[in-house]
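The values are calculated or read from the model by the stated rules, or taken from the named source; none is laboratory data. These numbers were taken from a predicted model, which means no experiment stands behind them. Positions of Cβ are generated from backbone atoms using ideal geometry, with glycine treated the same way; all protein chains shown enter the neighbour counts. Just so you know, the surface numbers come from the protein's heavy atoms only, side chains and all, with ligands and any DNA or RNA stripped out. Shrake-Rupley method; radii C 1.70, N 1.55, O 1.52, S 1.80 Å.
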Amino acid sequence: MGVKRPDRREFLRGGAALAGGLTVGAVEPAHGQAPEPERFIRGEADMIAYGERSPFVTSVRIPHPPGGRESPDAFGLVFHVAAPLQDSVGTITPSSLHFVGTTRGSLMPEIDPSEHRLMIHGLVDRPLVFTMEDLKRLPSVTRLHFIECAGNNARATHKTVQETHGMTSCAEWTGVLLSTLLEEAGVKDGASWVVAEGTENVKGASSFPLAKAMDDCIVAYGMNGEAVRPQNGFPLRLLIPGFEGIFNTKYLRRIKVVDRYYMNYNDYGHLRRDSVRAALGYQIGPKSVITFPSGGQKLSGRGFYEVSGLAWSGGGAITRVEVSTDAGRSWQEAEIQGTAHRMAHTRFRLAWNWDGQETQLMSRCTDEVGQMQPLPTQVAEHFNAAPDPSYRVPGLDNTIQPWRIASDGSVHNARA
Amino acid sequence: MHVLSNPRPRAAGSLVALLVLLGGSALAQGPTYGVGRTPTPEEIRAWDISVGPTGDELPPGSGTAAEGARIYRIRCAGCHGRNLEGGREPRRAPRLVKTEPGRDVDPWDAGRILPYRSPYATTVWDYINRGMPLYQEGTLTADQVYALTAFLLFRNDVIAEDLVIDAESLPQVEMPNRDGWAPLPDWKPGSPRLPGYPF
């Protein structure tokens, strides 16, 4: 798409002549100006109407788990794909790079928003059906929230942060609070759970507590300033901030208020024998990871680097992030970027001078309810298991991610 | 650094208060915005495919394991295997029969088998009805779903071969894992993941 711009010198010559004809011929840079670009991107209608990123930026989503099924597969099905966190800056994941989880490999439903309806029924005084237009008339909220897949568990075989942590993403979501809709319908006495259902093949349905529904859940039609994208649930999806990814029902079409846990298929996926594992596979714990420098990247030499990463928790806002540049022997307070929002990715930074010696970088975070991100050995000790660094923690793994900086500057996953 | 708590919505309450102040007859429990329409009972029944443990939402119809076996061969065996053993690549359909025969096999030691491990037989019906067969969802009749449910429960030694499964009998099926699962924590705003767990 690059083209030589042919008219530049001609234009300058003409301009110089108009300016008084002091110099005829070549125009030399006067005050040490930067060299002019040699190539230019020719404007094309589509690109002007709807922007494109630079051809030099090539960051893409990859199958999760690493080496897993390609999306789309031969049948056009979409499976899990992970976000390229190694290239992320700030806190928002671009919609086009937001991770995608699908219940069992899905064709994306193509929904005409003018045909789409959301029904609220069950233990309510007034069952209601909303069009998308109806929903957009109602008071709205815009909030940053992460969504993290229950399968976002780092393994020693993973090489990059996209492989270890790429099944989390954070977007700015806009929509109506579910509590607004439930209040409009009037929740009856005796109601205790809510079932949400989507439109995709599996018609995914999850039960979640009424207390959560009335607290901070969003029926979202907007994502990062535009309509929610098809892979993320167009035209309507549910946000259940801080709960495992599968609860955040895409293509939302029905909300049923009920008086018990409904044991839908998605709920069956959360079925556990013991209450500890059940609880730890439900609300997401405090978690952070350094995205720069991270696995697969390379430091060009000793000297200054800003260590940067993301922290989040299903328990609320991140209140503290610490970074260790000496393999966990000492910890320094990292700077938290701006306002730490509840159940949202929070960017942290730490100034660091690398002395060229092999070391390990780690981060750990604390959230507003006082939960702290652990080492695997701390969790093992809590449950009276052998303090083995390769201990697999119960539930979604939120343990500290170590990156080893080799003396040649290459960065490697140091997870046992 | 600031920690921002999402403000709780106040608009609804204050609007109601305003309406009351204006002398309207709005009840505090009434709708605030009057947006959205009321669905008919038939519409709700047609949309409502959530079948809970009590089975209240189950439609009329019935089926037996023998009928289910025939339907299974035609509609399910291609992916789940002739003997319910599960599928191979590229269609990794789950195994549907427990790994050990007998009535007293621990549901947690016999594979992750929905028609054996699920605490409620209604979950089996609900899932077949909403999600099966893959990419042909919604093409089974209620009788066929009852029959397939009966077949899977029979093949997992949960029910007798001749039991007729319908809206009345299905919720009464006692699953082996009825009380063998952990309930989720009682969630409240500000809850940690697990009380007493610092991480």
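Check off (1) touching a residue at least 12 places away in the same chain (Cβ under 8 Å); (2) assigned by TED's automatic domain parsing to the domain that holds A:Ile255 for A:Pro109 and give me the number that stays unchecked.
(2)
Give me the pairs: first residue in region A:192-206 and at pLDDT 90 or above, second residue among the acidic types (Asp, Glu) and open to solvent by 10 Å² or more (accessible area, probe 1.4 Å), beta-carbon distance under 6 Å, and six or more apart or on different chains, which are they?
Once the first residue is at pLDDT 90 or above and sits in region A:192-206, its partners that are among the acidic types (Asp, Glu) and open to solvent by 10 Å² or more (accessible area, probe 1.4 Å) give A:Ser192/A:Asp259.
Can you pull out the residues in region B:56-101 that are over 18 Å from B:Pro133 (Cα atoms), free of Cβ contacts under 8 Å to residues at least 60 places away in the same chain and open to solvent by 30 Å² or more (accessible area, probe 1.4 Å)?
Matches in region B:56-101: B:Asp56, B:Glu57, B:Thr99, B:Glu100, B:Pro101.
Here are the criteria: (1) within 11 Å of another protein chain (Cβ to nearest Cβ); (2) not in a strand (DSSP E or B). Tell me which single one A:Ser300 does not satisfy.
Only one criterion is unmet by A:Ser300, namely (1).
Tell me, which residue of region A:365-401 that is open to solvent by 50 Å² or more (accessible area, probe 1.4 Å) and of a type in the set (D, E, K, R) is nearest to the other protein chains (Cβ to nearest Cβ)?
In this case the residue turns out to be A:Glu368.
Within region B:170-199, take every residue that is touching a residue at least 24 places away in the same chain (Cβ under 8 Å) and within 20 Å of B:Ile128 (Cβ to Cβ) and give me the one that is nearest to the other protein chains (Cβ to nearest Cβ).
To start, the set of residues in region B:170-199 that are touching a residue at least 24 places away in the same chain (Cβ under 8 Å) comprises B:170-171, B:173, B:175-181.
Still in the running and within 20 Å of B:Ile128 (Cβ to Cβ): B:170-171, B:173, B:175-178.
On the way: B:Leu170: 13, B:Pro171: 12, B:Val173: 13, B:Met175: 10, B:Pro176: 13, B:Asn177: 8, B:Arg178: 11 Å.
Only one residue fits best here, namely B:Asn177.
Anything in region B:106-123 that is in a loop (DSSP other than H, G, I, E, B) and open to solvent by less than 20 Å² (accessible area, probe 1.4 Å)? List them, or say none.
Restricting attention to region B:106-123, the residues satisfying the condition of being in a loop (DSSP other than H, G, I, E, B) are B:106-113, B:118-120.
Listed by number, the residues that qualify are B:Pro107, B:Ala110, B:Ile113, B:Ser118, B:Pro119.
Please work out which residue is nearest to A:Ser288 (Cα to Cα), limiting yourself to region A:74-87 and to residues that are assigned to a loop (DSSP other than H, G, I, E, B) and open to solvent by 40 Å² or more (accessible area, probe 1.4 Å). Let's see the steps before the verdict.
Step one: of region A:74-87, the residues assigned to a loop (DSSP other than H, G, I, E, B) are A:74-77, A:79-80, A:83-84.
So of that shortlist, the ones also open to solvent by 40 Å² or more (accessible area, probe 1.4 Å) come out as A:74-75, A:80.
Numbers: A:Ala74: 36, A:Phe75: 36, A:His80: 21 Å.
Ranking the qualifying residues of region A:74-87, first place goes to A:His80.
Return yes when A:Ser330 is touching a Ser or Thr at 6+ places or on another chain (Cβ under 7 Å), free of Cβ contacts under 8 Å to residues at least 12 places away in the same chain, more than 13 Å from chain B (Cβ to nearest Cβ) and surrounded by fewer than 23 Cβ atoms within 10 Å (Cβ to Cβ) and no when it is not. Before you say what the answer is, go through the steps one by one.
Details: touching a Ser or Thr at 6+ places or on another chain (Cβ under 7 Å): yes; free of Cβ contacts under 8 Å to residues at least 12 places away in the same chain: yes; more than 13 Å from chain B (Cβ to nearest Cβ): yes; surrounded by fewer than 23 Cβ atoms within 10 Å (Cβ to Cβ): yes.
Here the answer is yes, as A:Ser330 does meet what is asked.
Applying the selection to region A:252-280, what residues are in a loop (DSSP other than H, G, I, E, B) and over 17 Å from A:Val194 (Cβ atoms)? Spell out the reasoning first.
Initially, region A:252-280 is screened for residues in a loop (DSSP other than H, G, I, E, B), giving A:259-264, A:270-274.
A:Leu271, A:Arg272, A:Arg273, A:Asp274, listed by residue number.
This table checks each residue for (1) open to solvent by less than 50 Å² (accessible area, probe 1.4 Å); (2) among the acidic types (Asp, Glu).
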position: A:Gly314; (1), (2): yes, no
position: A:Ala317; (1), (2): yes, no
position: A:Thr325; (1), (2): yes, no
position: A:Glu335; (1), (2): no, yes
position: A:His345; (1), (2): yes, no
position: A:Trp354; (1), (2): yes, no
position: A:Gln357; (1), (2): no, no
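Assuming A:Ser114 fulfils every condition listed in (1) over 24 Å from A:Pro72 (Cα atoms); (2) within 21 Å of the chain's Cα centre (by Cα) apart from one, which condition is it?
Of everything listed in (1) over 24 Å from A:Pro72 (Cα atoms); (2) within 21 Å of the chain's Cα centre (by Cα), A:Ser114 misses just condition (2).
Got a sec? Which of A:Gly122, A:Gly175, A:Gly166 is open to solvent by 30 Å² or more (accessible area, probe 1.4 Å) and either at pLDDT 95 or above or in the same structural domain as A:His345 (by TED's automatic domain parsing) (or both)? It would help to see each step written out before you state the result.
Working: A:Gly175 fails: open to solvent by 30 Å² or more (accessible area, probe 1.4 Å); A:Gly166 fails: open to solvent by 30 Å² or more (accessible area, probe 1.4 Å).
Result of the check over A:Gly122, A:Gly175, A:Gly166: A:Gly122.
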